[in-house]
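The structure appears below as structure tokens.
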């Protein structure tokens, strides 16, 4: 393997040094749990009888043996999310495969799975980010029965994989394999979908026409095919070695998808404790594997949500990562993928062009990721240069393509779309935030204009509807942070702001809220911290203040003297709304950490 890039090596080492104490504490806890042995061997007869009272007789016979392996299934199945609907079939596939391997598998617990696509612009979006923490706790409840040798995590979408990951980290002495369901088949082109959305935002398309377009895009089982948070999750699970190689983007309800699901069950049995192949979660997930996941995110122009999730996921494993780490990695990691919204084609086209096998290969050859990591496949990251196939019904892996099959979608690291990755840290008098640059054309990456200040997204949409925003402006949408209202995505602002940009106006967004894995062509400084609700500078901005967002320089400036800014009367944070379950999450809003530590309610402040 080529030598590791010196910047990648330096960043990894500083993460190791920064994490020394917290990582040591985490590993000590995991080692203690490991040496306790399989939980069921310690359970009383009454406890263990409860655990398999409803199992089939054959499983009961096997489970009488305290040494027989038992695999937990933790699933985010529901049939409202297209990505998770295929999981309805997976437990039966897994149970059959486990039995063939001399083991049993039990559905240990379900975790909630809400769809950000359904809740965009609705009250439920204020629960979205915190659902990640609820999923982590739900995973812990499922596994706390302490009757399992390994776990299979069934989840795909936005907050679900990070939550499952954080829950798995709490039981890091157990092997964990993440089992994806795959993307839906391609519908209408992304360009056509975007065209109809823009027409609707301008009042030139009816709601029926918009709905018809959306239904032709989101039309069947599987993950949405744009490269948002859900598909970024799948990329990251490959880069961390928690998937079987090449599992991410195989479509649902196909023989290959089922074969990969069964293989995950068999592999979980093989790598359980007490075997020579024992591969616990805490050995797979370390500083190197998280740097690999971050490099993959940057190289492929992935979701901005992961500037929150990666930090929270790392903390769950005792690792301290920062936005500075991500920013410095972005400066040496080239952008090698163009997938909608950063390009015109979807993840199915990305997969066909070489997909994760090619991404892994070219990043390894450039020395931008660590090869010497443990993976659930039993080898280092080089194993993930391979692709799965069926050979006369038998699952096999072959070397993936050594060259991109479509240079408009996927390029080698030595001939990238851009020299730097798709994310950038912004700092300045207004705080710290991040911007996704991969979808923003270079001519739009610097915007200097008067502020138009709004305390919620509805106010901005109303101003747009009244025709008040046909001008250059920087929209400041504040009181959208985790402590204010749970940090909802503001993706519904993308179409009107995009329309205004297309009309020739200089437009940008600055917010302490989130955008989306689908963050698009309008420059957006997001996750700004300190948030306005706790007295961050955004609470003092007024209409007309000139703001400069410079994604090239990594700065977020306001042309007001900082002392004068902070002497102004502070805008009052609106009271958090009730209804739609939001009143149940007050403690999470109060406990949430800042965005630059993951906006998580489960960890004490660093």
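The values are calculated or read from the model by the stated rules, or taken from the named source; none is laboratory data. Only a predicted model underlies this, so the values are computations on that prediction, with no experimental measurement involved. So basically every Cβ, Gly included, is an ideal-geometry build from the backbone, and we count neighbours across all protein chains shown.
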Given segment 439-543, what helices (runs of 4 or more DSSP H) lie entirely inside it while holding 2 or more residues that are more than 29 Å from residue 161 (Cβ to Cβ)?
457-465, 494-502
Would segment 477-497 turn up any residue that is in the same structural domain as residue 524 (by TED's automatic domain parsing), on the phi < 0 side of the Ramachandran plot, at pLDDT 95 or above and over 25 Å from the mean Cα position of the chain (by Cα)?
no
Looking for whichever is over 22 Å from residue 1 (Cβ atoms), without any contact (Cβ under 8 Å) to a residue 40 or more places away in the chain and either out of contact with any strand residue (DSSP E or B) (no Cβ under 6 Å at 6 or more places or on another chain) or surrounded by fewer than 23 Cβ atoms within 10 Å (Cβ to Cβ) (or both) here; the options are 392, 346, 408, 325. Which one fits?
392
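Yes or no, residue by residue, for (1) in the same structural domain as residue 270 (by TED's automatic domain parsing); (2) surrounded by 24 or more Cβ atoms within 10 Å (Cβ to Cβ); (3) part of a helix (DSSP H, G or I):
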residue: 302; (1), (2), (3): yes, yes, no
residue: 307; (1), (2), (3): yes, yes, yes
residue: 329; (1), (2), (3): yes, yes, yes
residue: 333; (1), (2), (3): yes, yes, no
residue: 339; (1), (2), (3): yes, yes, no
residue: 350; (1), (2), (3): yes, yes, yes
residue: 357; (1), (2), (3): yes, no, yes
residue: 369; (1), (2), (3): yes, yes, no
Of everything in segment 415-443, what is without any contact (Cβ under 8 Å) to a residue 60 or more places away in the chain and either in contact with a helix residue (DSSP H, G or I) (Cβ under 8 Å, 6 or more places away or on another chain) or in the same structural domain as residue 335 (by TED's automatic domain parsing) (or both)? Give them in sequence order.
none
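For segment 264-285, what are the residues that are under 24 Å from the mean Cα position of the chain (by Cα) and surrounded by fewer than 24 Cβ atoms within 10 Å (Cβ to Cβ)? Even if it seems obvious, please write down each step before you answer.
We begin by selecting, within segment 264-285, every residue under 24 Å from the mean Cα position of the chain (by Cα); these are 264-265, 268, 279-285.
Listed by number, the residues that qualify are 280, 283, 284.
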Would you kindly identify the helices (runs of 4 or more DSSP H) lying entirely within segment 83-177 that contain at least 1 residues that are at pLDDT 95 or above and closer than 23 Å to residue 54 by Cβ?
90-100, 128-143
Select from segment 61-75 the residues that are buried (at least 16 other Cβ atoms within 10 Å of the Cβ) and not in a strand (DSSP E or B) and list them in ascending order.
62, 63, 68, 69
Which residue pairs have Cβ atoms closer than 6 Å, lie 6 or more positions apart in sequence or on different chains, and pair a first residue in segment 155-180 that is surrounded by fewer than 24 Cβ atoms within 10 Å (Cβ to Cβ) with a second residue that is not in a helix (DSSP H, G or I)?
173/280
Could you please find all residues in segment 33-51 being in contact with a helix residue (DSSP H, G or I) (Cβ under 8 Å, 6 or more places away or on another chain) and in a loop (DSSP other than H, G, I, E, B)?
36, 43
Members of segment 402-419 found to be under 29 Å from residue 247 (Cβ atoms) and under 26 Å from the mean Cα position of the chain (by Cα), listed by number:
404, 406, 407, 408, 409, 410, 411, 412, 413, 416, 417, 418
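For segment 551-606, which positions are surrounded by fewer than 19 Cβ atoms within 10 Å (Cβ to Cβ) and closer than 22 Å to residue 524 by Cβ? If you could, list the steps in order and put the result at the bottom.
Just the residues of segment 551-606 that are surrounded by fewer than 19 Cβ atoms within 10 Å (Cβ to Cβ), to begin with: 552-555, 557, 559, 561-572, 574-584, 586-587, 590-591, 603-606.
Passing the criteria: 552, 553, 554, 555, 557, 559, 565, 571, 574.
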